[in-house]
Amino acid sequence: MRQENRMPDPGSDKKVSFFPFHAINEFMTDEYRQQVIRTVLEALPDLPDEHRQAINKVTSRHVKIPGFRNSLKAPLAIRARITIEAFEKHPDVVAAILSAWADHQPELRQTVFNLLAARGWELLPIDADRKKLPGFLTFWPKDETFERIHEAYPSAHPDLMVPENDVSLMVVWLSGRLPYQFTENSSER
């Protein structure tokens with residue numbers, strides 16, 4: 001399941017491990033996965049073209065609904081159920097859905113980005129196309145936990161009431177990391 005890529009530094013012999021995007025399913029409850037997918041599919045008509053096209057492309061490729069030649073024409077409830085199955089199996093489906101989900105919540109995206117940056121995380125620019133990454137990095141800062149982030153978020157933004165699952169998912173998406181291997185090396189943050 002894990003793939004390794006050489007780091008771009010030609011003087012370094014380090015390898016960086018990635019989990020494919022669909023590995024996130026190990027960290028999500030079924031109910032929350034369904035909520036995220038349904039939120040994105042309901043928002044699809046209002047999303048920017050890049051997200052609509054990406055989701056339509058992976059839907060056409062991976063979401064096959066009996067009785068519909070074109071899965072995009074299926075009712076939302078049916079399409080959501082079958083999309084969940086594709087989300088569990090195909091990294092490109094996860095990347096398209098999570099990218100749209102994050103962009104659909106600009107205030108949450110910005111506040112989580114600011115929180116992580118203030119905590120010393122090395123992040124790609126907020127508007128980077130994370131769908132192009134090979135997956136999630138497997139290392140996570142040793143002293144950071146979701147609990148600590150959940151404690152820090154309302155302190156930094158007391159006026160926002162955001163479910164912890166949304167904050168956690170945004171942390172994972174923006175950082176490009178899953179909490180699998182814990183490291184003290186700040187350059188790996």
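Which condition number does residue 173 fail, the rest of (1) outside any loop (DSSP other than H, G, I, E, B); (2) at pLDDT below 95 being met?
So residue 173 meets the others, but not (2).
Criterion first (under 13 Å from the mean Cα position of the chain (by Cα) and of a type in the set (Phe, Trp, Tyr)) does residue 121 satisfy it?
Numbers: under 13 Å from the mean Cα position of the chain (by Cα): no; of a type in the set (Phe, Trp, Tyr): yes.
When the stated conditions are applied, residue 121 does not pass them.
What are the residue pairs meeting all of these: first residue in segment 144-158, first residue under 14 Å from residue 182 (Cβ atoms), second residue among the hydroxyl-bearing types (Ser, Thr, Tyr) and at pLDDT 90 or above, Cβ atoms under 6 Å, and 6 or more apart or on different chains?
Qualifying pairs under 6 Å: 146/168.
Among the helices (runs of 4 or more DSSP H) contained in segment 71-165, which hold 2 or more residues that are under 30 Å from residue 45 (Cα atoms) and either basic (Lys, Arg) or in contact with a strand residue (DSSP E or B) (Cβ under 8 Å, 6 or more places away or on another chain) (or both)?
Values: elements: 76-89, 91-103, 106-118, 146-156.
In segment 71-165, 76-89 are the helices (runs of 4 or more DSSP H) which contain 2 or more residues that are under 30 Å from residue 45 (Cα atoms) and either basic (Lys, Arg) or in contact with a strand residue (DSSP E or B) (Cβ under 8 Å, 6 or more places away or on another chain) (or both).
Taking the condition of being among the aromatic types (Phe, Trp, Tyr) and over 13 Å from the mean Cα position of the chain (by Cα), how many residues in segment 92-112 meet it?
Just the residues of segment 92-112 that are among the aromatic types (Phe, Trp, Tyr), to begin with: 101.
Next, only the ones that are over 13 Å from the mean Cα position of the chain (by Cα) stay: none.
Residues meeting the conditions: 0.
Given the conditions (1) of a type in the set (A, V, I, L, M, F, W, C); (2) buried (at least 18 other Cβ atoms within 10 Å of the Cβ); (3) within 28 Å of residue 58 (Cβ to Cβ), report the number of the one that residue 162 does not fulfil.
(2)
Can you work out which of the residues in segment 80-102 that are in contact (Cβ under 8 Å) with a residue 40 or more places away in the chain and surrounded by fewer than 17 Cβ atoms within 10 Å (Cβ to Cβ) is nearest to residue 27 (Cα to Cα)?
88
Could you please find all residues in segment 27-43 being in a helix (DSSP H, G or I), modelled with pLDDT of 95 or more and of a type outside the set (Ser, Thr, Tyr)?
Once the filter is applied, which keeps residues that are in a helix (DSSP H, G or I), modelled with pLDDT of 95 or more and of a type outside the set (Ser, Thr, Tyr), segment 27-43 yields 30, 31, 33, 34, 35, 36, 37, 38, 40, 41, 42, 43.
Return a yes/no flag: does segment 59-79 have any residue that is within 19 Å of residue 20 (Cα to Cα), under 17 Å from the mean Cα position of the chain (by Cα) and surrounded by 13 or more Cβ atoms within 10 Å (Cβ to Cβ).
Within segment 59-79, none of the residues are within 19 Å of residue 20 (Cα to Cα), under 17 Å from the mean Cα position of the chain (by Cα) and surrounded by 13 or more Cβ atoms within 10 Å (Cβ to Cβ).
The values are calculated or read from the model by the stated rules, or taken from the named source; none is laboratory data. On a predicted model such as this, the values are computed, not experimentally measured, just so you know. Every residue, glycine as well, gets a Cβ built from its backbone with ideal geometry; the counts of neighbours run over all protein chains shown.
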